Every structure is written in structure tokens, then in C-alpha cells.
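Reviewing the structure listed below.
Values in this text are rule-based calculations from the coordinates and carry no lab data. Keep in mind the model is a prediction, meaning the values are calculated, not measured. Heads up, the Cβs are rebuilt from the backbone with ideal geometry, glycines too, and the neighbour counts pull from every protein chain shown.
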Amino acid sequence: MHIPDGFVDAQVSLAFGAVAVGGVALCLRGARNELDERTAPMAGLTAAFIFAVQALNFPVAAGTSGHLLGGALAAILVGPWTGALCVTVVLMVQGLFFADGGLSALGLNVTNMALTTALVGWLTFRAVRFVAPRTKAGVVAASFVAALLSVPAAALMFVLEFALGGTADVSIGAVFTAMVGVHVLIGLGEAFITAFTVASVLAVRPDLVYGARDLIPALQIRTAAPRQEAR
Amino acid sequence: MTRTRGFVLAGLLVALLLGGIVSYYASTQPDGLNKVAADQGIPGAAGHASDGSPVAGYATKGVDDRRLSKGIAVTSGVLVCFALGGALTWSVRRRNAGSAESPTDAATGAR
């Protein structure tokens, strides 16, 4: 979903550049409370993993592919502020070194794929966890729904940006319908990848999943119980 | 601490394998946004300011074998993201949060 140069005019690109700078500044402040000596390397790993999986385009419809955006996944693994920073790093590396995503559109892309996905993903994750059982399965289910919604949310942000500063004289309604339609499908792929990844980390190191920290005390009590006496 | 380092290294290995090897088999069709833009007739810019980069377009310049070319490019991107992401978050992390464990870390040489 990387916007190239030339889709959105200079003023709107610049305005969203300011949105992105402000958002990243907020993230840098918020991330301080999520990060310590142990979680900072996890954030590096999250950025590296998202870069790798973004290169794995999967087919979604005739002649169309999609790839993970990763904002919801990052928010669940390392926290929403840090997660948005991880995706921002990925987008900057892609734009600067891989010619993927226009440099004039970097603010648009950070707003859509880092800030929007982490925000919508995290809020959805929290909402689903509020009603889901407090188990690993509940965390995985919440991850699925969070990722599923984060992708159409990012697509809607593009439609908004294009409506404000689109360079081509095309119907916004048609762009809206096409963008939301295909990104609901891509969101399904995002949901499966995110749920699988969160489930995998939960299986080996549940303590390293930021969004599942509340499960840890219960787990520790269970493992601390001496097995032989219990049988 | 050491177990966390083991997890991070194992995860990095998974990312390198996905990016370096599996990515060759990824779909090369345009993604959702590019497909919509093409269908609706939204013209983008012809070139990119970073086209001169040695890994522009996820292909390594000077490497003819397509599998190797993409593998090297994506692998290098994975490592750069790990380094930049880790360095950025390390620099804003909470200091003296785990003052009880810090001396132990320094003594054992673990992170």
C-alpha cells in the first residue's frame, strides 16, 4: 500500500508530513514507558520481521496482491507507541534504499501504514480483549480482528488523502469502493499472518507479548506449582 | 536475559530466511493500491529519487541471478531495519527501570 510520488499533490503530502512528524514525536514520548533493556531488542526484531514479511506479497484477487502492513502486529508485540515507530523505521528504509513508496509521500505512508494501523489495531485489540476470555486464545482472536480492521482503516486514510489532494480527476466514490473492497481481502491475509505470529510467540515466550502481559501472573503461578505433588 | 537474546536471534534468523529465500516466491502482481490506481487511471511519477540505490526495487545492482539479487537485497533490508529499529528504541528506552537487574547484567555480560 506504499503511495508513490505523484498520486497526491504537494500541499496535502506536506500536511500529512506534518501529521507524521507530530505522530512520531508522540510515539517517541509514549514508547519510553514501553521500552527497557529487554524490550528494545524485541522492537528491533519486530521491525526486521515486518520488513521481511512485507516482501512476501500474497495473491488476493485476479491480478492483485497484498502484503502485511504490520502495524497491528507490532502494537500487540511491543506496544502501540513502539509498534508505530517500528513500522516507521521499515517505511523509511523502504523509501530511502529500496525506492518503495515515494519520498514526497513518506508522510502519507507513515500516517496510513504506521500510525493508523497501530492506533486502529491497538484500540480494536483492547476492545476485543475486553470481551474475550483472558486466555492465550483470547489474545490470538483479538489479534486477528485487530489486524483485519487495521488494513481497511489504512485504505480509508488513503481515500481521504486522495479526496483532499488527488492529482487525477477520477471519481472518489469509485476509488473508495475499489480500495475498501480489495483491502478487506488483504486484511484477511493480514489477520491470518498476525494471529499466527502472535500465537507462535505466545507459545514460546508469552512474557514477550506486550498485549498479553496481564496473562503472565496466572501463568507463573501455574508453572510454579510442583508437578509431582499435584499428581 | 540470555533467553531473551536467544529468542531475538532465533526470530532474526526466521526473518532472514523469510526475506532472503521465501520472498523469491512471493506474488509479483501489483498490490491493492497500485492495482486500484492503474484501474482508475491515477498516474504516478515515472521514477523514484532512490532509483540509484544499490538495492532499489528489491534487486541488488550487479547481481544477475534474480534469486540471489532479491535475496541479498531483502536480507540487507532486514538487517538494516533490525539495527535502526533496535538503535532507535534502545536510545529512548526507560533508564534505571530495572536497577536491581542491571548490575547482574553487567557482571554476566548479558544484555
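Things to note:
- Peptide A:56-66 has a mean shielding of 6, counted as Cβ atoms of other protein chains within 10 Å of each residue's Cβ.
- What the Kirkwood sum gives for region A:114-175 is a hydrodynamic radius of 13.0 Å, with every pair of different alpha carbons counted.
- Our coupling estimate for region B:5-15, obtained by passing each phi through the Karplus curve with A = 6.51, B = -1.76, C = 1.60 and θ = phi - 60°, is 4, x, 5, 5, 5, 5, x, 5, 4, 4, 4 Hz, Gly and Pro reported as x.
- Paramagnetic reach from B:Leu9 (point 7 Å along Cα→Cβ, amide N under 12 Å) across region A:36-59: none
- P(r) weight above 33 Å for chain A, C-alpha pairs, percent: 18 percent
- In region A:8-113 the Cα-Cα distances spread across 10 Å bins starting at 0 as 15, 43, 33, 9, 1 percent of all pairs.
- Amide H contacts of A:Ser65: A:Val60, B:Asp31, B:Gly32, each under 5 Å away and 5 or more positions distant or on a separate chain (H built 1.01 Å from N in the peptide plane; Pro and chain starts excluded).
- Projected label distance in nm at A:Asp214 and B:Arg95, using a 7 Å step from Cα toward the beta-carbon: 3.3 nm
- Ordering of B:49-60, B:26-37 by packing [mean C-beta count within 10 Å, highest first]: B:26-37, B:49-60
- Across region B:16-87, the fraction of Cα-Cα pairs farther apart than 15 Å, rounded to a whole number, is 65%.
- Neighbour-count ranking [beta-carbon atoms within 10 angstrom, fewest first] of A:Val60, A:Val87: A:Val60, A:Val87
- Karplus-derived HN-Hα couplings along region A:125-140 (A = 6.51, B = -1.76, C = 1.60, θ = phi - 60°), whole Hz, x at Gly and Pro: 4, 5, 5, 5, 5, 5, 9, 7, x, 7, 9, 4, 4, x, 5, 5
- Cα pair distances in region A:43-178, grouped into 5 Å bins until the bin that holds the longest one, percent each: 2, 11, 17, 21, 20, 15, 8, 4, 1, 0, 0
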